[in-house]
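Working notes, beginning with the structure itself.
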Amino acid sequence: MFVFGTAGHIDHGKTALIYALTSIDTDRLPEEKERGMTIDLGFAWMKLPSGEKVGIVDVPGHENLIKNMIAGATGIDAVILVIDANEGWMPQTEEHFQILDLLDIKYGIIAITKIDLVDQIRLNIVEKQIKERLKNTVLFDAPVVKVSTVKNIGIDQIKSTIQDLIPRMKPKRDIGKPRLSIDRVFNIKGSGTVVTGTLIGGTLHQGMEVTIFPSYKKTRLRSLQTYKEKTEIAFPGSRAALNLVGMEKNELHRGDIVFGTKQIKASKNIDVQIQLLSQLKKYSLENRSEVLFFTGTKEILAKIFLPETKPLQSDETGFAQLRFKEPLATYLGDHFILRIPSPPKTIGGGLIIDPLAHKHHFKDRDALHFLQKRIKFDLRELVLTELKKNIFIKKDNLLINSNYADSEIKEAVEQFKKQGEIIATNSWLIDKNYWQEQKTIFMNRLNREYELYPLRAGFPLNKFQSYFYYLKPEIFNNLLDSLINTDKISLKKGIIFLPSREPKISSQQKILISKILKFLNDNSANPPNEKTLISQIAGGKEIIDFLVQEGEIVKLSDGILLESKNYDIMKNKLIDFLKINGSISIAQVRELLGLSRKYIIPLLNKLDEEKITQRKENVRILKAKLG
Ligand SMILES: Nc1nc2c(ncn2[C@@H]2O[C@H](COP(=O)(O)OP(=O)(O)OP(=O)(O)O)[C@@H](O)[C@H]2O)c(=O)[nH]1
Ligand SMILES: [Mg+2]
């Protein structure tokens with residue numbers, strides 16, 4: 001499926017040639033008829049001798065209508081460059097030619113028209129002139145066909161030349177990401193709203209759900225046509241007309257995009273490489289200047305940010321960030337054209353290198369290195385730079401706005417994973433250096449905790465979860481696993497510790513520990529509170545904290561301390577009671593445990609806190625499902 005586009009100066013016979021080839025008059029507007037010139041894009045198609053169909057986009061030649069020409073030229077595979085034998089190479093022949101070059105249209109046919117009006121000598125001169133201009137360009141070897149639509153000369157030859165060209169052309173790829181930049185919107189009585197465009201990136205089929213950008217409205221394809229024929233499926237590279245369910249004409253515009261993919265990402269900043277035209281006179285592209293940006297069928301104002309303060313000169317190539325007032329959904333590798341409004345002229349074009357760029361000023365040299373690495377469009381390099389930029393990214397989002405298939409991206413990622421260059425969790429990909437950094441931060445934090453609390457064996461996991469608040473839980477858990485699996489840390493009962501770490505307890509402290517435990521044991525019916533205990537045992541505070549941490553003692557509200565085994569005994573008695581009786585009152589607790597009232601409330605509160613019991617009016621019932 002290929003689309004050819006016309007190009008050339010006003011009145012050189014583009015529309016007449018397309019009519020001669022296809023019997024379709026692409027000048028359909030009344031104003032076009034009246035003025036005898038093409039104003040907006042025209043669309044036709046033809047069947048080649050082989051039976052294959054090709055689409056044709058006819059563009060206007062008038063210098064004020066260049067923006068329509070650009071919209072028409074963006075989706076084409078090959079050009080029919082039309083040159084009037086009488087007039088030869090004219091200003092818009094040149095401008096169109098430059099635009100085609102910037103859009104990287106590699107294939108074409110040169111049609112010298114109106115040969116009925118010139119003699120052989122003139123024809124030779126024009127042909128020589130054209131060849132001269134095409135030297136060192138991709139179209140130098142393009143076939144030249146001399147035609148007259150009036151005398152029906154060369155028309156069949158154009159057809160056979162198109163036929164011959166096709167096997168040499170590279171078809172548009174199907175990467176499973178269909179998108180169609182809208183070039184026309186109209187209403188068909190009885191059917192509703194129809195949009196047309198050149199489909200790229202994937203197939204569209206009848207009944208499929210699509211999303212319109214920038215409105216993000218979802219709609220369904222009621223029906224599709226390619227080359228005026230109803231079809232169930234449209235392939236990349238074909239001209240397609242889409243009948244959209246439930247969309248009004250005024251909700252859709254040229255420049256909007258129909259996406260067949262579910263996920264659309266857009267940005268107000270894109271990073272690009274700009275190529276300024278070599279023929280620019282007295283023009284340089286200043287930092288922070290405003291230009292007209294064209295991509296797909298979209299036209300929008302862009303503000304330019306250059307890495308250097310000095311402007312970009314004619315014929316120079318340079319990186320830049322472009323900023324827009326509204327987000328654009330472009331893809332890595334998409335082409336664009338730049339123009340200035342006054343005096344109106346095309347100044348250059350280029351390639352999109354980062355369609356989802358962060359706002360930056362190139363002050364950070366990394367931004368420039370990033371672009372330098374990507375300009376080769378090597379997928380492996382793109383994967384690595386993308387990850388480095390994002391640090392971590394959802395697997396499905398890696399290079400989502402690119403002209404690569406998911407399977408190609410996955411394959412590159414797999415290789416890097418094997419080499420340890422990329423860290424992957426279930427749904428995330430993480431930059432290797434960043435991952436290493438996080439591990440170091442984790443270990444430093446842990447060591448710091450030991451410095452602050454040398455007596456503690458370890459530290460609660462949730463403390464670390466809050467240190468790493470900026471990591472997605474899935475990533476944090478993977479970090480943890482990775483540290484555990486490499487024996488850097490241990491995790492037991494929600495406590496993180498260094499495997500090598502023994503609590504540093506002096507013999508002095510050991511004496512204190514047994515003193516405290518004995519005290520608690522002796523006073524189990526009348527447990528002390530923390531304050532009294534500390535006042536009786538010098539240096540007790542640190543030891544009590546340590547024992548609580550170690551789970552040797554339990555601290556109730558009001559600072560009441562119980563030996564853990566004592567607490568467990570009471571807890572089990574209560575549970576057994578509740579299993580049989582369903583509920584327990586305070587008086588029943590006192591009877592069951594032989595505890596005085598002042599301990600009962602804190603004890604029950606602790607059990608509530610542990611989600612073993614819960615309060616119901618004046619009694620406690622079991623909350624936990626206990627086997
Ligand atoms: N004598 C002669 N006249 C031609 C030939 N082809 C086109 N013309 C005339 O040239 C004029 C312009 O032709 P179009 O086909 O409208 O030119 P165009 O390139 O489409 O013009 P724009 O779309 O406005 O850029 C018309 O009056 C045509 O009849 C030809 O082969 N011989
Ligand atoms: Mg025309």
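Structure above, values below:
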item: Å³ per residue enclosed by the Cα convex hull of region 519-573; result: 74 Å³
item: Relative packing of peptides 384-395, 416-427 - highest average C-beta neighbours within 10 Å first; result: 384-395, 416-427
item: Dipole of region 43-131 [Lys/Arg +1, Asp/Glu -1 at C-beta], most positive-end residue of 110, 126, 83; result: 110
item: Order by protection proxy (mean Cβ within 10 Å, highest first), peptides 465-475, 290-300, 2-12; result: 2-12, 290-300, 465-475
item: Solvent-accessible area per residue for region 368-426 (1.4 angstrom probe, square angstrom); result: 51 Å²
item: Net charge dipole size for region 193-273 [Lys, Arg +1 and Asp, Glu -1 on Cβ; Debye, nearest 20]; result: 80 debye
item: Positive-end extreme of charge dipole, the chain - chosen from 327, 1, 155 (charges on Cβ); result: 327
item: Relative contact order of the chain, defined on C-alpha pairs under 8 angstrom at six or more residues apart (%); result: 8 percent
item: Total charge dipole magnitude, the chain, about the Cα centre, Cβ charges on Lys, Arg, Asp, Glu only, Debye to nearest 20; result: 2300 debye
item: Residues with amide H under 5 Å from that of residue 113, placed H, sequence gap 5 or more; result: 83, 84, 85, 147
item: Cα convex hull of region 1-97, projected area averaged across orientations, nm²; result: 6.1 nm²
item: HN-Hα J in Hz across region 593-609 - Karplus 6.51, -1.76, 1.60, θ = phi - 60°, x for Gly and Pro; result: 9, x, 9, 7, 3, 5, 8, 5, 4, x, 4, 5, 4, 5, 5, 5, 4
item: Mean accessible surface per residue for region 492-544, computed with a 1.4 Å probe while every protein chain stays in place, in Å²; result: 65 Å²
item: Percent RCO, i.e. relative contact order, over region 110-254, from Cα pairs under 8 Å lying at least 6 residues apart; result: 19 percent
item: Longest to shortest principal axis, alpha-carbon extents of region 56-112, angstrom; result: 30, 25, 20
item: For the chain, the spread of Cα positions along each principal axis, largest first, Å; result: 124, 57, 41
item: Loop sites in region 29-91: trypsin sites (Lys or Arg not before Pro), DSSP, at most 10 other Cβ within 10 Å; result: none
item: All-pairs alpha carbon distance profile, region 202-320, 5 Å steps from 0, percent; result: 2, 9, 16, 17, 14, 9, 9, 10, 8, 5, 1
item: Dipole axis of the chain (+1 Lys, Arg; -1 Asp, Glu on Cβ), positive-most option in 247, 425, 529; result: 529
item: Per residue, in Å², the accessible surface of region 200-312 once ligands and nucleic acids are set aside, probe 1.4 Å; result: 46 Å²
item: Charge dipole magnitude, Cβ of K and R +1, D and E -1 - region 1-101, Cα centre, debye nearest 20; result: 380 debye
item: Built amide H within the under 5 Å cut-off of residue 169, gap 5+; result: none
item: For region 372-448: Kirkwood Rh in Å [reciprocal of mean 1/r, alpha carbons]; result: 13.2 Å
item: Distance from region 467-534 to region 352-374 (C-alpha centre basis), Å; result: 47 Å
item: Peptide ranges 580-587, 99-106 listed from the most packed, as the mean C-beta count within 10 angstrom indicates; result: 99-106, 580-587
item: Cubic angstrom per residue, convex hull over Cα atoms of region 299-425; result: 122 Å³
item: Built amide H within the under 5 Å cut-off of residue 347, gap 5+; result: 338, 339, 340
item: Loop-located trypsin sites (Lys or Arg not before Pro) in region 190-267 whose Cβ has at most 15 other Cβ within 10 Å (DSSP); result: 228, 262, 265
item: Region 29-45 versus region 53-93: alpha-carbon centroid distance in Å; result: 13 Å
item: Under Karplus coefficients 6.51, -1.76 and 1.60, residue-wise ³J(HN,Hα) of region 420-436 in Hz, glycine/proline x; result: x, 7, 10, 9, 10, 9, 3, 10, 10, 10, 10, 5, 4, 5, 5, 4, 4
item: Loop GluC sites (Glu not before Pro), region 545-620, which have at most 14 other Cβ atoms in a 10 Å radius of their Cβ (DSSP); result: 610, 617
item: Restraint check, 541/598; 363/432; 217/249; 388/432; 298/373; 531/598, Cα-Cα greater than 18 Å; result: 541/598; 363/432; 298/373
item: Tail weight of P(r) past 17 Å, computed on alpha-carbon pairs of region 164-227, percent; result: 49 percent
item: More than 19 Å apart - percent of Cα-Cα pairs taken over region 479-601; result: 58 percent
item: For region 536-627, Kirkwood radius (reciprocal of mean inverse C-alpha pair distance, Å); result: 13.9 Å
item: Karplus (6.51, -1.76, 1.60) ³J(HN,Hα), θ = phi - 60°, over region 569-580, in Hz, Gly and Pro reported as x; result: 4, 5, 4, 5, 4, 4, 4, 4, 4, 5, 5, 7
item: Radius 12 Å from Cβ of residue 38, net charge of other residues (Lys, Arg +1; Asp, Glu -1); result: -3
item: Carbon and sulfur %, accessible surface of the chain computed with the full protein complex present, 1.4 Å; result: 50 percent
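The values are calculated or read from the model by the stated rules, or taken from the named source; none is laboratory data. Note that the structure is a prediction, hence the values are computed from the model and not measured. Positions of Cβ are generated from backbone atoms using ideal geometry, with glycine treated the same way; all protein chains shown enter the neighbour counts. Keep in mind that these areas ignore ligands, DNA and RNA; they rest on the heavy atoms of the full protein, side chains included. Shrake-Rupley method; radii C 1.70, N 1.55, O 1.52, S 1.80 Å.
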